[in-house]
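Notes follow the structure.
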Amino acid sequence: MTIHDLAARLRGLPPSLGPVRLIAVDGHAGSGKSTFAGRLAHALGGAPVLHLDDIASHEQLFAWTGRLLTQVIEPLARGEDALYAPYDWRARAFGAPRRLPAAPVVLIEGVGAGRRALRPHLARLLWMELPRQESWARGRRRDGAEQQEFWDGWTAAERAHFAADPSRPHADLLVLQRPEGYEVLPGPGAPPAAGPDVTQGDGPSPMW
């Protein structure tokens, strides 16, 4: 199955939030969620992507559920475009409102995208299958030495979050990054007849 087949399957799901099929991409920080979500959004014809980095803040690394429900989930449930205030991590302040269209498929990516409070609104939950230590090491390398203190606090907060509210056990699909591309497998939360594995490569094929 190619990425376009996966996109077609997601488009074919029944709406989960008003007219929207809300697809979550969760995983540890540094696991590649943003890159995968961007490629999937492209295969979906430019589906909107909500990055949870825009919803979280220094003061509320994970205590952002109420703001997300009010600014995003409730409007989409009414079939209305959402307006949310993205957080500027350098200025430590929320910016001007940004629009999130109530499109047929909307992606939400970030640590905690599959949390308990959001799962009833999801059409599918995807989990980036990369161990946390490897994910965090990638994230630290990406952000550089100036962010090491932040990462020390983040890893403790992420451990606490997933200990209290794990996402992976509820994932419909597991996304594994391979040297040749991505492999997508049925997740722990998938029904027994989840269908064949989904493999996507980066070679000269129609996959990626």
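For region 23-37, taking the residues that are open to solvent by 10 Å² or more (accessible area, probe 1.4 Å) and touching a strand residue (DSSP E or B) at 6+ places or on another chain (Cβ under 7 Å), the one that is nearest to residue 82 (Cα to Cα) is identified as 34. The C-beta contact set for region 70-99 (first residue closer than 16 Å to residue 120 by Cα, second residue assigned to a helix (DSSP H, G or I), distance under 6 angstrom, 6+ apart or interchain) comprises 73/121.
Results for (1) open to solvent by 30 Å² or more (accessible area, probe 1.4 Å); (2) out of contact with any Gly (no Cβ under 7 Å at 6 or more places or on another chain); (3) in a loop (DSSP other than H, G, I, E, B), shown as yes or no for each residue.
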site: 76; (1), (2), (3): no, no, no
site: 99; (1), (2), (3): yes, yes, no
site: 106; (1), (2), (3): no, yes, no
site: 112; (1), (2), (3): no, yes, yes
site: 117; (1), (2), (3): yes, yes, yes
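Is it true that some residue in region 141-158 is assigned to a strand (DSSP E or B), at pLDDT 95 or above and among the charged types (D, E, K, R)? No, region 141-158 has no match at all.
In this structure, does residue 57 turn out to be out of contact with any helix residue (DSSP H, G or I) (no Cβ under 8 Å at 6 or more places or on another chain), of a type in the set (Ser, Thr, Tyr) and open to solvent by less than 10 Å² (accessible area, probe 1.4 Å)? Here the answer is yes, as residue 57 does meet what is asked. Yes or no: region 23-35 includes at least one residue that is closer than 27 Å to residue 135 by Cα, in contact with a Phe, Trp or Tyr (Cβ under 8 Å, 6 or more places away or on another chain) and in a helix (DSSP H, G or I). No, because not a single residue in region 23-35 is closer than 27 Å to residue 135 by Cα, in contact with a Phe, Trp or Tyr (Cβ under 8 Å, 6 or more places away or on another chain) and in a helix (DSSP H, G or I). A single member of 124, 138, 142, 159 is in contact with a Lys or Arg (Cβ under 9 Å, 6 or more places away or on another chain), open to solvent by 70 Å² or more (accessible area, probe 1.4 Å) and within 24 Å of residue 183 (Cβ to Cβ), and it is 124.
The values are calculated or read from the model by the stated rules, or taken from the named source; none is laboratory data. Only a predicted model underlies this, so the values are computations on that prediction, with no experimental measurement involved. Backbone-built Cβ (ideal geometry, glycine too); neighbour counts: all protein chains shown. Accessible surface areas use protein heavy atoms only, side chains included; no ligands, DNA or RNA. Shrake-Rupley method; radii C 1.70, N 1.55, O 1.52, S 1.80 Å.
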